[in-house]
Amino acid sequence: MSLKTLLSIIKNRTEMGYIPKSEKKEFDNELINLNFDRSRNLNIILIGLSLILLCIDTFNMQKGLGLAGPKYLFYTHLLLIIGTLITFPVLFKFKMINHTRRKLAVVIIFTYFATLNCTLTSIVGQLIHGEITVYIIAALTIAIINTFKPLTSMGIYITNYLMLAIGITFTQRDPAILRGHYVNGAILVLVAWFLSIILYYAKVKDFLSRKTIEQQKVELESANQQLTATNHKLQESLSALDESQNIIFTLALALESKDSYSHGHSERVTDYALELAKFLGLNELDQVNIYRASILHDIGKIGIPDAILNKPSPLTKKEWSVMKSHPERGETICSKLNFAREILPIIRHHHERYDGKGYPDGLQGEFIPFLARIISIADTADAITSSRPYRSAGTFEQVLEELQKGSGTQFDPTLVTAFITLNKNRYKQRQNL
């Protein structure tokens, strides 16, 4: 593998393992705590291992070999057990260390001590067998056990390699073996460092995946809570709707009880409007709104004095002004009902004219709510065919003529055409009866 390929792989790993700033502190703390725990375990292993090695060294020295190698090995192993025993209380007894920077310092110092001791052992080993096996084992062990950031692990490996290179220069007399150790040591540094990078970014990827899952879990819980709240509101709305339906008919009956001439008017307007809505192919929601608005379109007349509602002669200008206030009064009454919010514009504007000369706001054309335009036609149809204190009921033929006459001025011409088309056959059937 070329150096260029190696750097490319490291770059890709870096891009894949980018930690957002908002989560970097949490990741660093998690990484430090992980290395701290692993260092404690490694410390126990090294204490046991150094005791065994000291026993072996003592045995070799008692055999009277008289060589400098075993004696120096004894000293390196003695140094190892002294260092591990010193760090033992720091890693275990002082477990209450909560400051992450202090934990990091303890882990790095312990790692440097352990690896440098192994490097020193390899240097001494040149006097006995001329190998750097312990150095190799230490480098790979640190790469696997502890998860350091790339620059930290690089510092550890370079420091140990420089110490190894200097030490074996004075202890190894064979130039060929010395060159081999230089090359093998350098290769080992690269391999161990590359291995530590892979393991580090595997940890990063695991952390990011976990955070993504946690975030998705939070979002899912939030969505579930919203869904639960929505379901609760829906249940409340359904309950309120049942009560509101009763209010609808109660108000409608109360209105019709005040005016004998309007008895059944809201129901007939509802029938006309719903038939036209179905003929036009309106969706279910629009049909529901048509139904509710048709029942309640004249509910504002509850606030109109009986003397005006039941007056047998034409209304005065002042009385007519009061009568024309019923759409606004109806809107005010229905605004107290949650279910009626969508039909408030229909109730308010069912007396607007297509040419803008209607009331209460003088809306024109497409500015008049579409469903209000439908109810306007239905209201007119029933008004013509119903008797009033000042006139008798008209015929359905008069309804069609009046709608045709008011097409484009009082009524939406498209809706007039649809209403006439819908009712022509019905009118003919009535004529034949």
Failed item, numbered, when Arg173 is tested on (1) in a helix (DSSP H, G or I); (2) surrounded by fewer than 20 Cβ atoms within 10 Å (Cβ to Cβ): (1)
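Among the candidates Leu178, Leu227, single out the residue that is among the aliphatic types (A, V, I, L, M), part of a helix (DSSP H, G or I) and not assigned by TED's automatic domain parsing to the domain that holds Lys24.
Working: Leu178 fails: not assigned by TED's automatic domain parsing to the domain that holds Lys24.
It is Leu227.
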When residues of segment 312-350 are limited to those that are crowded, with 21+ Cβ neighbours inside 10 Å and among the small types (Gly, Ala, Ser), the one nearest to Ser266 (Cα to Cα): Gly330
Considering residues of segment 95-132 that are among the basic types (Lys, Arg) and at pLDDT 75 or above only, the residue farthest from Arg40 (Cα to Cα): Arg101
Residues that are surrounded by fewer than 16 Cβ atoms within 10 Å (Cβ to Cβ) and assigned to a loop (DSSP other than H, G, I, E, B), drawn from segment 294-305: Pro305
Test: residue in segment 200-209 that is touching a Ser or Thr at 6+ places or on another chain (Cβ under 6 Å) and either closer than 22 Å to Ile44 by Cα or not in a helix (DSSP H, G or I) (or both): no
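Quick check: is even one residue across segment 359-375 closer than 16 Å to Thr270 by Cα, of a type in the set (S, T, N, Q) and assigned by TED's automatic domain parsing to the domain that holds Asn423?
The first filter runs over segment 359-375 and keeps only residues closer than 16 Å to Thr270 by Cα, leaving 370-375.
Pick out the ones that are also of a type in the set (S, T, N, Q) and you get none.
No: zero hits.
Of a type in the set (Phe, Trp, Tyr) and not in a helix (DSSP H, G or I): does that describe Tyr354? Explain how you work it out, then say what you get.
Working: of a type in the set (Phe, Trp, Tyr): yes; not in a helix (DSSP H, G or I): yes.
Against the criterion (of a type in the set (Phe, Trp, Tyr) and not in a helix (DSSP H, G or I)), Tyr354 qualifies.
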Subset of segment 191-212 (residues that are more than 19 Å from Leu34 (Cβ to Cβ) and surrounded by fewer than 14 Cβ atoms within 10 Å (Cβ to Cβ)): Thr212
Qualifying residue in segment 41-57 (condition: at pLDDT below 80 and assigned to a helix (DSSP H, G or I)): yes
Residue match in segment 363-377 (condition: surrounded by 15 or more Cβ atoms within 10 Å (Cβ to Cβ) and acidic (Asp, Glu)): no
Val288 vs. criteria closer than 18 Å to Ala372 by Cβ, part of a helix (DSSP H, G or I), out of contact with any His (no Cβ under 6 Å at 6 or more places or on another chain) and hydrophobic (A, V, I, L, M, F, W, C): yes
Complete set of residues in segment 272-293 that are within 16 Å of Ala381 (Cβ to Cβ) and either crowded, with 21+ Cβ neighbours inside 10 Å or in contact (Cβ under 8 Å) with a residue 12 or more places away in the chain (or both): Tyr272, Ala273, Leu274, Glu275, Leu276, Ala277, Phe279, Leu280, Ile290, Ala293
Residue match in segment 324-340 (condition: modelled with pLDDT under 95 and under 24 Å from Gly281 (Cα atoms)): yes
Filter result for Val106 (in a helix (DSSP H, G or I), free of Cβ contacts under 8 Å to residues at least 60 places away in the same chain, within 29 Å of Glu30 (Cα to Cα) and in the same structural domain as Leu51 (by TED's automatic domain parsing)): no
Criterion violated by Ile308 - all others in (1) assigned to a loop (DSSP other than H, G, I, E, B); (2) more than 43 Å from the chain's Cα centre (by Cα) satisfied: (1)
Which numbered condition Leu127 misses (of (1) in contact with a helix residue (DSSP H, G or I) (Cβ under 6 Å, 6 or more places away or on another chain); (2) part of a helix (DSSP H, G or I)): (2)
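The values are calculated or read from the model by the stated rules, or taken from the named source; none is laboratory data. Please read these numbers as outputs of a predicted model, since none were measured by experiment. Here Cβ is always computed from backbone atoms with ideal geometry, including for glycine, and neighbour counts include all displayed protein chains.
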